[in-house]
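Participant: Have a look at the structure that comes next, please.
All of the numbers you see were taken from the coordinates with simple rules; none came from a lab. Quick caveat, the model's predicted, so the values are computed rather than measured. Here the Cβ positions follow ideal geometry from the backbone for every residue, glycine too, while neighbour counts run over all protein chains shown.
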Amino acid sequence: MNRILSFALLFCSLPPFLGAQVGIYQHGTVVRMRMSDCMLIHHGFVAAMGGPPMQSTEELCPEYTLLSDKVVFVIVGKSSNQMVPLAEVIDFRFHNNELAVRVDDAKHESKFSIKEMILRSQWELVQKHIEEQLSASPRQDADGAMAMRNRE
């Protein structure tokens with residue numbers, strides 16, 4: 001009876017222990033994808049001495065913009081075959097200065113390098129400014145063309 005009780009206690013305490021090892025997942029939405037140069041990250045001595053943190057390669061890798069509740073990440077895959085569906089809610093966590101991404105409760109995670117991070121509120125302001133500039137540009141061009149025609 002004692003063994004059964006101790007086994008039940010061990011079994012009940014195991015999930016929190018495993019959760020601490022795996023990490024706590026956050027949720028985010030992938031809103032943009034483009035292909036960019038793959039980045040090689042230097043580890044160890046070169047990074048500690050302030051050397052160039054990343055070098056570009058000739059291969060193209062996916063670059064994603066990931067929106068979480070408070071932070072927007074720009075992440076880059078390590079190879080060209082690391083694909084994440086757009087407009088998909090994904091689970092991610094930090095792991096050794098990288099983002100470990102799990103899509104659709106997959107058994108394995110894909111590791112992505114973090115290229116940029118910005119607060120979501122600041123990112124939304126930048127996006128709003130870009131949209132205003134884009135919507136104002138056609139009107140300004142049309143007004144400029146009309147002014148040129150009137151001068152002639």
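Participant: Can you pull the one-decimal nm distance between simple spin-label points at Ala87 and Val126, each 7 Å off the Cα toward Cβ?
Facilitator: The two pseudo-label positions are separated by 2.4 nm.
Participant: By counting other Cβ atoms within 10 Å of each Cβ, how are Tyr64, Tyr25 ranked from fewest to most?
Facilitator: Ranked by crowding around the Cβ, least crowded first: Tyr25, Tyr64.
Participant: Can you sort Lys78, Lys107 from fewest to most other Cβ atoms within 10 Å of each residue's own Cβ?
Facilitator: With the sparsest Cβ surroundings first, the list reads Lys107, Lys78.
Participant: Apply the Karplus parameterisation 6.51 cos²θ - 1.76 cosθ + 1.60, with θ equal to phi minus 60°, to every residue of segment 72-83 and state each ³J(HN,Hα) to the nearest whole Hz, in sequence, with x for glycine and proline.
Facilitator: Along segment 72-83, the couplings run 10, 10, 10, 10, 10, x, 8, 8, 6, 9, 8, 10 Hz.
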